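The next block holds one structure in the form of structure tokens; read it before the comments.
None of the figures in this text is laboratory data; all of them are computed from the coordinates on show. The shown structure was predicted, so the numbers you read here are calculated from the model rather than taken from an experiment. Virtual Cβ from ideal backbone geometry, glycine too; neighbours counted across all protein chains shown.
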Amino acid sequence: MKISVATAALLSACATGTPVSAPAQAPLPSETLSFSPVSADSLETVRIDLTLPADTDGETVFLFPEAWGPDEDLGQLVSNRAVFDPATGDALPAQMDGNRVTVRAAPEQMIQLSYDIHQDYQGLPQWGVQRMPGMRPVLQPAYASLIGHTILPSVEGRDPALQVTFTGFPLGAAFSQPAPDGISAPIPLSTAQDSLYAFGAYRFGETDTGVRTAILGDWRLPDADIAFTTSSVLSLAGEAFEDAAFDQYFLAVTPLPDLPEGSSVIGTGLTESFLLLATRNADPENLTHTITHEILHEWITRRMGQTDEATDPARMWFTEGFTEYYTQLTLLGAGETSLEDFLQNMNALWAEYEVSSVNTMPAGDLIAHIWDSRETERLPYQRGTLLAFHWDTLARAEGRSLDEAVAALLDRAEAARARGETLLLPDAAIHAALETVIGPRFEADLATYVQGGAKLPLTALTLPSCLSVDSPPDAPARLILTPGADRAACRAAIAGPFARQAR
């Protein structure tokens, strides 16, 4: 996975993107989710048309999102809602009630819900104005960045299949699924919601490995290296978890507003895609780390099944902590970081946890407080990463590994897919898979440190024999290479299968 400028040949990028529109000679398919700019010279307002057959009971209910992640009051983004007969253009009876639109139409009659999306704030995203700048829809004159969860309604009682279409975007348009000639294959509406959309002044590109990119602005990591890192992590993790699931992937990179000091890199994963938000001064190592972390979320936990969103903060020790642990293993095994870098990263994470004012908060309390502060946001990453390292060492001592628990949860989901069942990932399944490879120590540690919130001492971690805890009297405890231990052997022992598959 080591990045090289030589990989530039992999990326076929257009300077301004590829013009995207539906073919003029062919009519659009009947069941569609269509995007088009309201103005020919600005993307500040985008029109969305959702066309589908009415429910068989004569009443179709659309539910617009009110909140997603850190964003609330999403209804403020929507205007000009109306419902039509797409064949005649005649208005259909519809009741607008907050986020709920109820349409009365003959069973199976085609109906078209139209509405506009625009920013509900002035100018570019800003720190202190939005909870997470760039997550809330961004619609500027030259570009737009949208996450489906914030702009697309659900249809009550069903998840219709639709083709996503783009018209009127001369600089280009792309989203999480391929859309050659501006029309995608049919996908469930829920997949369109769990998708990322990039319009306008991005540089659009595609590798020969099926990775598509939309990159806005200039970065310290070249476009080709961004694409190559994405391709490499997809391949490496697919092999390690025995689940090579992706023949295409989409990554969009959008700038964050500058900070008075320092830099910031944020990522959010969606179906076969993720959005990377960063200040323009972000260093290449931070960008590479975030790309790796977000791609690993495809396995932990997106491909494992759907968790209970309302209580997700309580299980972030697994969803985020384990993902961060495997991020460190991937970077170490692929040669992006050295053993010294790995120890420095783990020690920095521990030091941050050690001084955190919330380091004894039980996981259940995070349900209500995860967005209270950076400390609450970071707690499950810190706690989960440290415990994952500890548990993986315990499992490996018995000839097993956490990789096997991840693979077992993926196999469980694959079996459910084969039976046509809804993919759900309850806590009981997570706990059972982990206890199988870790043993009884798992439940004891879970109850003490995660559910009970007890502070986790660094000295309580089970470590590979090549590592030790140094506890100087005038400084925080830290992990060190055990005197006399071989660095190369230690790196291989920690990285496990990721080292064996390193490029």
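Above 23 angstrom, tally the Cα pairs of segment 305-500 and express them as a % of all pairs, no decimals. For segment 305-500, the share of Cα pairs beyond 23 Å comes to 45 percent. Close amide H pairs (under 5 Å, H built 1.01 Å from N) link residue 266 with 277, 278, residues at least 5 positions away or on another chain. Normalised by the number of residues in the chain, what is the relative contact order in percent for Cα pairs under 8 Å and 6+ residues apart? In percent, rounded to a whole number, it is 13.
Assign unit charges at the C-beta atoms only (+1 for Lys and Arg, -1 for Asp and Glu), then state the dipole size of segment 305-500 relative to its Cα centre in Debye, rounded to the nearest 20.
420 debye
Based on DSSP H segments of at least four residues, each scored -39500 (n - 2.57), the chain has a per-residue ellipticity at 222 nm of -9000 deg cm²/dmol. Pairing the Cα long axis of helix 284-296 with the longest principal axis of the chain, what angle in degrees results, from 0 to 90 and rounded to the nearest 10? Between helix and principal axis, roughly 80 degrees. Here the Karplus relation 6.51 cos²θ - 1.76 cosθ + 1.60, evaluated at θ = phi - 60°, turns the backbone of segment 362-367 into coupling constants of x, 4, x, 6, 5, 4 Hz, with x for every Gly and Pro.
Principal axis extents of the Cα atoms in the chain, from largest to smallest and rounded to whole angstrom, are 80, 48, 44.
Backbone geometry of segment 51-68 corresponds, through the Karplus equation with coefficients 6.51, -1.76 and 1.60 at θ = phi - 60°, to 3J(HN,Hα) couplings of 10, 6, x, 5, 4, 5, 8, x, 10, 10, 10, 9, 10, 7, x, 9, 8, 7 Hz, x marking Gly and Pro.
Pairing the Cα long axis of helix 223-240 with the longest principal axis of the chain, what angle in degrees results, from 0 to 90 and rounded to the nearest 10? Tilt of helix 223-240: around 60 degrees.
Using C-alpha pairs below 8 Å separated by at least 6 residues, the relative contact order for segment 32-201 is 27 percent.
Amide H to amide H, with H built 1.01 Å from N, residue 424 comes under 5 Å of 306, counting only residues 5 or more places away or on other chains. Once C-alpha pairs closer than 8 Å and six or more residues apart are averaged by separation and normalised to the residue number of segment 305-500, the relative contact order reads 31 percent. Have a look at the DSSP beta bridges in the chain and tell me what percent are antiparallel, nearest 5. If I count the DSSP bridges inside the chain, around 80 percent turn out antiparallel. Which shape class, rounded, prolate or oblate, goes with segment 301-356 when its Cα gyration tensor gives a ≥ b ≥ c as root eigenvalues, a/c under 1.5 marks rounded, and past that a/b bigger than b/c marks prolate? Note, shape of segment 301-356 comes out oblate. Sorting the segments 138-144, 415-421 by their residues' average number of neighbouring beta-carbon atoms within 10 angstrom, most packed first, yields 138-144, 415-421. Between the helical axis of 339-355 and the longest alpha-carbon principal axis of the chain there is an angle of about 80 degrees.
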